[in-house]
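The structure appears right after this line, and notes come after that.
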Amino acid sequence: MIEYWNPLVERMPVDELEKMQERKLRNLVSYVYQHSDFYKKRFDDAGVKPEDIRTLNDLRKLPFTYKSDLRDTYPTGMFCVSNEQLARFHVSSGTTGKPTVVGYTHNDVKEWSISLARALTSIGVGRGDVIQVSYGYGLFTGGLGLHYGAEEVGSTVLPTSSGNTEKQLELMQDLNSSVIACTPSYFLFMNEVANQAGVSIQGDTRLRAGIFGAEPWSEEMRGRIEEATGIKAYDVYGTSELSGPLFTECQYQDGIHIWADQFLIEVIDPETGEQLGDGERGELVITTLAKEALPLVRYRIGDITVINKEPCRCGRTHPRIMRVLGRADDMLIVRGINVFPGQVESVLMTIPEVGEHFMIIVDRVNELDVMKVQIEMTDEAFSDKVNDIITLEKKVETSLKNVLNIAVKVELVEKGTIPRSMGKAKKVMDNRKL
Ligand code: DLL
């Protein structure tokens, strides 16, 4: 049986859902125009008035909002409410310049929890589950986000946060965690630590599902995780600017449902800014329809994905986004060819001898880009014979070349050489930017 958190909303006919979105969009544009000097100026500069926005088709008349706008108005210049109305801040560190501050009213925190409650229900997680939340708690949105969502559906939360892996594994066994929420990288590390200690996730714990996200990961990696640990691995997506983790796949594991009564999604051509059709790959743009403290109009997240509006077998009518390839600025351009780290992962994970940890290193040698991938072998495939190593390196090089269309140097490294991550893994070292 398929369970819903809010069947009326989750199965609402698409035309009704779109009418609701139109109404909420009209409210949003007047709200931000009245409450945010930033948006008033942005709309005035673009020559748009709130009354110009009547239907979803008018969306394209609205100017975009960028991550840089949040930085430029640091810390709270884009907020639509006064500080006394805020229930919480989260802060995303960012790699360059000032961090981004996001704020929530009590209602925003509630809407965030509802979004996750629907998502958790859609993967069959609820009362009776012990959810071990191993995303970081604190300024990062992962820990507290999943925590509130898990409480909303009536699960028991084990708030381990990230790190202290041996202890995590002990508690997982002693308190019967049935669900884990962390980055896929951290779960791989946890499994490795478990194996070293002679603990099998499949045999010695009650874990049955993982809620993995906050970083790109591939379908092939899902296969590896599910096979190695016997759990179901679900993709969870969100960004701090939109609140934090918000959406997951449903039990059919075929795209992430975006709650259309709360968020309006578009995919655009990153170069021209033009809207693309369903099924076309481009940059995700999201407009928030229910946020009070920090509503965002046509926010360019930068993630590359595809929208799928086909009906889903689960009966939910809300659109899906297909596996997120990462941000446009995660894309490497090597000798003029675009490469997403996720594509490299997809290829590597189809080769049984290759382990789950890898590092992409890009250098410029004599004015030419050179891409190298360091990989570790699986324990089963491990060999210290030079010939075996060279054969495997060549095999991986050929597979990568076939898919990426560029020559890649593959280097097998000793197990444990690639840094393990307890949060978002760093899988690329681009020395050209140094
Ligand atoms: O990573 C929120 C989150 C926490 C999502 C826990 C899921 C689980 P930020 O730190 O602002 O927020 O980073 C957001 O991470 O724009 C994507 O580039 C990437 N990302 C998040 N989830 C996925 C995913 C959190 N499932 C940025 N697949 C986003 C691919 C993801 N990329």
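The values are calculated or read from the model by the stated rules, or taken from the named source; none is laboratory data. Source: prediction; values computed, not measured. Counting neighbours? That spans all protein chains shown, and the Cβs are built from the backbone with ideal geometry, glycine included. Note: areas computed on protein heavy atoms with side chains; ligands, DNA, RNA excluded. Shrake-Rupley method; radii C 1.70, N 1.55, O 1.52, S 1.80 Å.
One table, with the values for the structure above:
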{"item": "The stretch 1-326, accessible surface, carbon-and-sulfur percent (1.4 angstrom probe)", "result": "48 percent"}
{"item": "Förster radius 25 Å - calculated FRET efficiency between residue 322 and residue 271 (Cβ-Cβ, nearest 0.05)", "result": "0.75"}
{"item": "Amide H contacts under 5 Å for residue 233, placed H, 5+ residues apart", "result": "210"}
{"item": "The stretch 102-182: GluC sites (Glu not before Pro) in DSSP coil with no more than 16 other Cβ atoms inside 10 Å", "result": "none"}
{"item": "P(r) histogram, all alpha-carbon pairs of the chain included - 20 Å bins from 0, percent", "result": "25, 56, 19, 1"}
{"item": "Long-range HN-HN contacts of residue 369 with modeled amide H, under 5 Å", "result": "335"}
{"item": "With Cα atoms, 0 to 90° folded angle of helix 184-196 axis to the chain main axis", "result": "30 degrees"}
{"item": "Positive-end residue of 429, 381, 331, charge dipole of the stretch 331-430 with Cβ unit charges", "result": "331"}
{"item": "The chain: angle of helix 386-404 to the longest principal axis, Cα-based, in degrees nearest 10", "result": "30 degrees"}
{"item": "Nearest-ten-degree value, helix 14-35 long axis tilted from longest Cα axis of the chain", "result": "70 degrees"}
{"item": "Nearest-20 debye value, the stretch 276-434 charge dipole, Cβ charges on Lys, Arg, Asp, Glu", "result": "640 debye"}
{"item": "For residue 350, solvent-accessible area (1.4 Å; no DNA, RNA or ligand), Å²", "result": "90 Å²"}
{"item": "Per residue value of the accessible surface for the stretch 1-326 (all protein chains in place, 1.4 Å probe), Å²", "result": "41 Å²"}
{"item": "Percent accessible area from carbon and sulfur atoms, the stretch 331-430, protein chains only, probe 1.4 Å", "result": "53 percent"}
{"item": "³J(HN,Hα) computed for each position of the stretch 345-355 - Karplus, 6.51 cos²θ - 1.76 cosθ + 1.60, integer Hz, glycine/proline x", "result": "4, 4, 5, 4, 6, 8, 9, x, 6, 8, x"}
{"item": "Accessible-area order (highest first, 1.4 angstrom probe) of the listed residues 221, 429", "result": "429, 221"}
{"item": "Mean residue ellipticity (222 nm) of the chain, computed from DSSP H runs ≥ 4 via -39,500 (n - 2.57), nearest 500", "result": "-9500 deg cm²/dmol"}
{"item": "Magnitude of the charge dipole, the chain, Cβ model with Lys/Arg +1 and Asp/Glu -1, debye to 20", "result": "700 debye"}
{"item": "Cβ-based charge dipole, the stretch 89-173, positive-most Cα from 139, 128, 164", "result": "139"}
{"item": "Accessible surface, 1.4 Å probe, highest first, among residues 1, 78, 322", "result": "1, 322, 78"}
{"item": "Distance from the stretch 54-118 to the stretch 341-386 (C-alpha centre basis), Å", "result": "38 Å"}
{"item": "Highest-fluctuation residue, 150, 328, 233 considered, GNM on the chain with Cα pairs under 10 Å", "result": "328"}
{"item": "Whole-Hz couplings from phi, Karplus 6.51/-1.76/1.60, listed for the stretch 155-172; x for Gly and Pro", "result": "7, 9, 9, 10, x, 6, 6, 9, x, 6, 5, 4, 5, 4, 6, 5, 5, 4"}
{"item": "Volume in Å³ per residue [convex hull over Cα atoms, computed for the stretch 331-430]", "result": "101 Å³"}
{"item": "Point-to-point label distance, residue 1-residue 398, nm (Cα→Cβ direction, 7 Å offset)", "result": "5.4 nm"}
{"item": "Potential extension, residue 200-residue 26 segment - 0.36 nm per residue separation minus Cα distance", "result": "57.3 nm"}
{"item": "For residue 162, residues with placed amide H under 5 Å, excluding near neighbours", "result": "136, 137"}
{"item": "Probe 1.4 Å, protein heavy atoms only - accessible area per residue of the stretch 358-424 in square angstrom", "result": "60 Å²"}
